[in-house]
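See structure below.
The values are calculated or read from the model by the stated rules, or taken from the named source; none is laboratory data. Nothing here was measured: the structure is a model prediction, and the numbers come from that model. Counting neighbours? That spans all protein chains shown, and the Cβs are built from the backbone with ideal geometry, glycine included. All accessible areas refer to the heavy atoms of the entire protein, side chains included, with ligands and DNA or RNA removed. Shrake-Rupley method; radii C 1.70, N 1.55, O 1.52, S 1.80 Å.
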Amino acid sequence: MLRATSAFSRLAVPARRALLPIADGLGGMTRHARALPDFLICGAQRSGTTSLFKALNLHPAATGPVLRKGVHYFDTGHHNGLDWYRSHFPLRNGLRARWGRPLIRVFESSPYYLFHPLAAERIARELPQAKVVVILRDPVERAYSAHAHETARGFETEPFARAIELEDRRLSGAEERLIADPTHYSHSHQHHGYVARGNYVDQLIRMEHHLGRERMHVVDYADLFDGTSRALEEIVRFLGLPPASMEPPGRHNARKRAMMPEPLRAELTSRFAENDARLALWWGRTPSWCR
């Protein structure tokens with residue numbers, strides 16, 4: 001089954017989508033024999049999570065969910081229950097160390113986990129041993145990239161400058177409602193948080209409160225994509241995976257877009273300055289975009 005999972009991950013997207021109902025049906029029938037993740041890629045959105053997922057999925061001792069990058073259980077799918085979540089992962093029997101092969105670790109990547117106000121608490125409670133990896137990108141570039149991404153997916157209709165103006169109104173009260181009612185869903189909180197998602201430090205502090213700093217590894221986007229495999233090798237060591245020859249991660253899901261107007265870039269840079277300073281203190285290093 002593990003070999004099948006690996007083969008599925010190399011299929012073209014339309015083929016994977018066509019096979020999803022079959023895989024989901026089989027997963028549901030065998031859910032009690034399936035594994036839960038050993039680690040998660042939790043975000044940030046538009047910060048290279050797909051590239052990291054693909055790179056780690058090539059490691060001989062790691063595998064993702066069947067036919068998916070992420071399951072979104074700890075954010076939008078939590079109402080489905082832990083058995084539903086388990087049904088998306090490989091069978092435990094196929095993960096055992098055997099014939100000189102190491103134990104296979106299971107993971108997924110859902111970048112909304114970092115931003116959703118209940119995800120960290122849920123992860124801590126239901127995956128008490130799991131580690132998490134977070135990638136941080138220049139929040140101005142992240143916001144602009146996220147807008148292009150949401151526009152292409154049909155979730156955004158406003159130009160970037162107008163979407164930034166509307167953000168406070170769109171997100172007003174959303175986090176409070178998500179906390180008060182765990183079944184609540186906010187479209188704008190998931191898709192329109194361009195500035196809010198870039199205020200990284202409060203999201204990391206929340207995650208640290210529930211998981212502990214020792215279970216978190218934070219990597220700078222610039223280091224991950226510097227053309228070497230050094231940042232990827234550090235992630236592999238943190239996760240406790242055996243050493244393996246790893247190619248530098250490629251860039252995936254990049255979207256062409258016009259240059260951001262400089263006055264708007266300067267305004268956003270100023271808006272993020274205080275949070276970036278707090279982030280540097282928490283992280284113990286200066287983020288690449290502040291140097």
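Results, tabulated for the structure shown:
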| item | result |
| --- | --- |
| Cβ-Cβ under 6 Å pairs, at least 6 apart or on other chains, the range 141-166 side closer than 21 Å to THR269 by Cβ and of a type outside the set (D, E, K, R), far side open to solvent by 60 Å² or more (accessible area, probe 1.4 Å) and not in a helix (DSSP H, G or I) | ALA148/ARG255; ALA148/ARG257 |
| Count of residues meeting criterion [out of contact with any strand residue (DSSP E or B) (no Cβ under 7 Å at 6 or more places or on another chain) and open to solvent by 70 Å² or more (accessible area, probe 1.4 Å)] in the range 85-97 | 2 |
| Filter result for HIS217 (open to solvent by 60 Å² or more (accessible area, probe 1.4 Å), within 29 Å of ARG125 (Cα to Cα) and in contact (Cβ under 8 Å) with a residue 12 or more places away in the chain) | no |
| Options ALA280, ALA273, ALA231, ALA266; residue that is at pLDDT 95 or above, within 17 Å of the chain's Cα centre (by Cα) and assigned to a helix (DSSP H, G or I) | ALA231 |
| Selected residue (criterion: modelled with the lowest pLDDT) from residues of the range 234-244 that are within 17 Å of PHE53 (Cβ to Cβ) and open to solvent by 30 Å² or more (accessible area, probe 1.4 Å) | ALA244 |
| Qualifying positions in the range 97-131 - of a type in the set (D, E, K, R) and modelled with pLDDT of 95 or more | ARG105, GLU108, GLU121, ARG122, ARG125, GLU126, LYS131 |
| Exclusive hit being at pLDDT below 95, closer than 25 Å to TYR185 by Cβ and surrounded by fewer than 24 Cβ atoms within 10 Å (Cβ to Cβ), set GLY77, GLY28 | GLY28 |
| Hits in the range 159-212 - residues which are under 29 Å from ASN80 (Cα atoms) and of a type in the set (S, T, N, Q) | SER172, THR183, SER186, SER188, GLN190, GLN203 |
| Cross-chain or 6+ apart pairs with Cβ under 8 Å, the range 82-110 first and at positive phi, then open to solvent by 20 Å² or more (accessible area, probe 1.4 Å) and not aromatic (Phe, Trp, Tyr) | none |
| Residues located in the range 262-273, provided they are open to solvent by less than 80 Å² (accessible area, probe 1.4 Å) and either acidic (Asp, Glu) or touching a residue at least 40 places away in the same chain (Cβ under 8 Å) (or both) | LEU264, ARG265, LEU268, THR269, PHE272 |
| Complete set of residues in the range 96-140 that are assigned to a helix (DSSP H, G or I) and of a type in the set (A, V, I, L, M) | ALA119, ALA120, ILE123, ALA124, VAL140 |
| Unmet criterion (only one of (1) surrounded by fewer than 19 Cβ atoms within 10 Å (Cβ to Cβ); (2) within 27 Å of ARG237 (Cβ to Cβ); (3) of a type outside the set (A, V, I, L, M, F, W, C)) for ASP138 | (1) |
| Residue, surrounded by the fewest Cβ atoms within 10 Å (Cβ to Cβ), within the range 158-213, restricted to residues that are polar (S, T, N, Q) and more than 17 Å from ASN275 (Cβ to Cβ) | THR183 |
| One residue from ARG125, ARG101, ARG96 being among the basic types (Lys, Arg), farther than 27 Å from LEU58 by Cβ and over 18 Å from the mean Cα position of the chain (by Cα) | ARG125 |
| Sole exception among (1) open to solvent by 70 Å² or more (accessible area, probe 1.4 Å); (2) closer than 27 Å to TYR73 by Cβ; (3) out of contact with any Phe, Trp or Tyr (no Cβ under 8 Å at 6 or more places or on another chain) for GLU247, by number | (2) |
